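The values are calculated or read from the model by the stated rules, or taken from the named source; none is laboratory data. Since we're looking at a predicted model, the values are computed, not measured. Because the Cβ atoms are built from the backbone with ideal geometry, glycine has one as well, and the counts that use them run over all protein chains shown. Keep in mind that these areas ignore ligands, DNA and RNA; they rest on the heavy atoms of the full protein, side chains included. Shrake-Rupley method; radii C 1.70, N 1.55, O 1.52, S 1.80 Å.
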Amino acid sequence: MAPVSSSSGTDVEKSDAVGLALCPRNLFIPWAKDARCWTWDRIPLESQDYRQIDVPELLKVAWLDVRGNFNMSQLTAMTWYEVVMEVKLKEPCQGWALPVTLEICKADGTSTSSQVTLDSMPRNQWHNLVVGNFEATGPREVQFSLKETTWGNWKKGLLIKRVLVRPANPGYGVKGLVIYPEDMWISWGRDARYWKWNCLLFDSQDYGEIEVPKLLGVSWLEIRGSFEISKLKAGAAYEVVIVAMLKEPCSGWESPLTLHLLRPDSTSASREVTLKGMASNRWLDLVVGDFLAAGSGLVEFSMTETKVGNWKKGLIIKHALIRPVHD
């Protein structure tokens, strides 16, 4: 996979024991040198190692295909990492109502992909798009991409700052996983009329702050997430738990929520839980279901209430835990 142009000056790939940072000049971007499609601007970075970096801004393309790769020999062996693309939508922007595809191709030949709709992101601020996770296993190559090549609609206003390859959060690996709200799909999740996002300080200093959404009012509640089962310890039993809180004033929870789990072998489990009557202003563990870690494939989970149509408010989503089940 060839880069757009040879690196020079400060536009180089940065690596250290912690991870990697790939500058846009090290990525493959079709028509990157065509001034009708992309424009490049030099911006300062927080890190003194970089000082400044060339950042591309999308002017107009119908075929979006941004790709990159790196060698795992620069990383710490037997450590889990995540690939994150730092992007921004700058006004005026358009063409982002349809989802883009994020994909990571691992050294063992397996790949995982997800879709995200950028149109829901707040404008003019940098966001982290998690492409995928992998375990560093030696001097082999990992590839990644961000693309939208299906619909052919014209897109503009996207800026790409860099790609980070960084250690996955402490909840990742054989002990389990932590999936944060920003990595879940929440219906109308970024519409300020329905959800309000605030920073929450974790007790653990490893996590620092995360963004958590509070429900202001919806009649259609739909929260979904997924993860790759191969990230977990093979042969171990796990359960998916959504950690949530009813924050006063809250209302509309008389009707039961449906918690659903879909395993890679197509088997599923569903249960209903009624939040009405549960203690408010404290975190609740809502167990979605359990599974046995084996092979590869996505485990999908959801929490929904879409049948009754009554208005609900006061729910806060902290995160989803994928944790070992102990006998």
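For Gly225, are the conditions met, namely being modelled with pLDDT of 95 or more, surrounded by 17 or more Cβ atoms within 10 Å (Cβ to Cβ) and either among the charged types (D, E, K, R) or not in a loop (DSSP other than H, G, I, E, B) (or both)?
Values: modelled with pLDDT of 95 or more: no; surrounded by 17 or more Cβ atoms within 10 Å (Cβ to Cβ): yes; either among the charged types (D, E, K, R) or not in a loop (DSSP other than H, G, I, E, B) (or both): yes.
No.
If the condition is being open to solvent by 30 Å² or more (accessible area, probe 1.4 Å) and either under 19 Å from the mean Cα position of the chain (by Cα) or among the hydroxyl-bearing types (Ser, Thr, Tyr) (or both), then the range 70-88 contributes Ser73, Thr76, Thr79, Trp80, Lys88. Of all residues in the range 1-45, those that are open to solvent by 70 Å² or more (accessible area, probe 1.4 Å) and modelled with pLDDT of 90 or more total 6. Only a single criterion out of (1) in a loop (DSSP other than H, G, I, E, B); (2) farther than 17 Å from Asn71 by Cα; (3) in contact with a strand residue (DSSP E or B) (Cβ under 8 Å, 6 or more places away or on another chain); (4) at pLDDT below 90 is not satisfied by Gln48, namely (3).
Is one or more of the residues making up the range 135-147 open to solvent by less than 60 Å² (accessible area, probe 1.4 Å) and free of Cβ contacts under 8 Å to residues at least 40 places away in the same chain? No, every residue in the range 135-147 fails to be open to solvent by less than 60 Å² (accessible area, probe 1.4 Å) and free of Cβ contacts under 8 Å to residues at least 40 places away in the same chain. When Gln115 is tested against (1) open to solvent by less than 40 Å² (accessible area, probe 1.4 Å); (2) under 19 Å from the mean Cα position of the chain (by Cα), only condition (1) is not met. Residues being charged (D, E, K, R), farther than 17 Å from Leu286 by Cα, in a strand (DSSP E or B) and out of contact with any helix residue (DSSP H, G or I) (no Cβ under 6 Å at 6 or more places or on another chain) are represented in the range 246-256 by at least one member. If you go through the range 290-309 and keep only what is over 19 Å from Ala234 (Cβ atoms), under 22 Å from the mean Cα position of the chain (by Cα) and not charged (D, E, K, R), you end up with Phe301, Ser302, Met303, Thr304.
Pairs are defined by a Cβ separation below 8 Å, a sequence spacing of at least 6 or placement on different chains, a first member in the range 290-310 that is on the phi > 0 side of the Ramachandran plot, and a second member that is outside any loop (DSSP other than H, G, I, E, B) and open to solvent by 20 Å² or more (accessible area, probe 1.4 Å); the pairs so defined are Gly295/Ser230; Gly297/Ser230.
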